[in-house]
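Shown next, in structure tokens, is the structure this report addresses.
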Amino acid sequence: MPKQVDHEERRRRIADAVCALIDTQGLEGVTLRDVAVRAEVSMGAVQRCFRTKEEMLRFALGHIGERVTERAHARVLAGPAQSAASTVGHVAGEVALLRDEHRTEARIWLAFLAAAAVNPPLATALRTSYADLETLLARLIEQAGLDPAPARREARTLLALTDGLTAHVLIGHRTTTEAEELLHTHLAALWHRAGA
């Protein structure tokens, strides 16, 4: 009897291999052959899952974005007893990828971000991830007491701040502690303005 293949699981495994290669060699170092070796599948299996390298990269970008978004959603669900303002802070911390265990994701995310500046399909995929995170943050900020329009504006600002902090920590311009303090200061000012 032929072995059944879970195609979505294989696509995720290939995406994990792509991400591991980006972390060690950069985006330009990703080849189909290296991905196949890293994912422990044949070149043919990679090509059956993804018609082109571009398609494979877009899927890997979405895969990383989903992991960050899922972790952010999990933080919301994990602490229903905490205040909405506190939840916003926890989610922003997840999105900023400041902790040591998220350093790999931060490097991969920024490699994709740099490539997206000159690659419209990657830019489209990245905008989708940002839109999902912005929507989550706006909803949480609204629950903390802001009206919808200001909540959306504050979510945009907070998302831009977290992204900038990711880069600053990754290159050593700021320590994790300094970045967390900057994030806390920004949120404290937001809640002060909102009267929350």
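FYI, it's all coordinate maths here, none of it is from the lab. Note that the structure is a prediction, hence the values are computed from the model and not measured. Cβ sites come from the backbone with ideal geometry, for glycine too, and all protein chains shown count toward neighbours.
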query: What's the angle, to the nearest 10 degrees (0 to 90), between helix 148-170's Cα axis and the longest principal axis of the chain?
result: 60
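Given contacts defined as C-alpha pairs under 8 Å and at least six residues apart, what's the relative contact order of region 44-196, whole-number percent? Mind dumping the intermediate values first?
Numbers: 128 pairs, mean separation 42.2, N = 153.
It rounds to 28 percent for region 44-196.
Once you list every other residue whose beta carbon is under 14 Å from the beta carbon of Asp147, what net charge do they have if Lys and Arg are +1 and Asp and Glu are -1?
Charge balance near Asp147 sits at +2.
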Rough spin-label spacing in nm, given labels placed 7 Å along Cα→Cβ, for Gln25 and Arg67: 1.8
query: Local charge sum around Thr31 (other residues, Cβ-Cβ under 12 Å, Lys/Arg +1, Asp/Glu -1)?
result: +1
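What do you get for trypsin sites (Lys or Arg not before Pro) in region 16-74 restricted to DSSP loop and a cutoff of at most 11 other Cβ within 10 Å of the site's Cβ?
Numbers: sites: Arg33, Arg38, Arg48, Arg51, Lys53, Arg58, Arg67, Arg71; in loops: Arg51.
Qualifying residues, ordered by number: Arg51.
How much net charge surrounds Cys19 when only other residues with a Cβ under 10 Å from its Cβ are counted (Lys, Arg +1; Asp, Glu -1)?
Working: positive: Arg38, Arg67, Arg107; negative: Asp16, Asp23, Glu105.
Neighbour charge sum, excluding Cys19 itself: 0.
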task: State, to one decimal in nm², a quarter of the convex hull surface area for the C-alpha atoms of region 81-196, i.e. the direction-averaged projected area.
output: 7.4
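If you place +1 on the Cβ of every Lys and Arg and -1 on the Cβ of every Asp and Glu, how big does the dipole about the Cα centre of the chain come out, in debye to the nearest 20?
On the way: 24 positive and 25 negative charges, 94 e Å.
Charge dipole, the chain, about its Cα centre: 460 debye, nearest 20.
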message: Could you tell me how many cubic angstrom of Cα convex hull volume the chain has per residue?
response: 135
message: Which three extents, in angstrom, do the Cα atoms of region 24-122 have along their principal axes, listed largest first?
response: 50, 27, 25
statement: The distance between the Cα centres of region 27-93 and region 127-196, in whole Å, is 21
- request: Place +1 on the Cβ of every Lys and Arg and -1 on the Cβ of every Asp and Glu in the chain, take the dipole about the Cα centre, and give the residue among His168, Ala115, Ala92 whose Cα lies farthest towards its positive end.
  value: Ala115
- request: Could I have the simple spin-label model distance between Leu77 and Arg10, label points 7 Å from Cα toward Cβ, reported in nm to one decimal?
  value: 2.9
field: Point-to-point label distance, Thr128-Gln143, nm (Cα→Cβ direction, 7 Å offset)
entry: 2.5
query: Helix 176-194 versus the longest principal axis of the chain: what is the Cα-based angle in degrees, 0 to 90, to the nearest 10?
result: 50
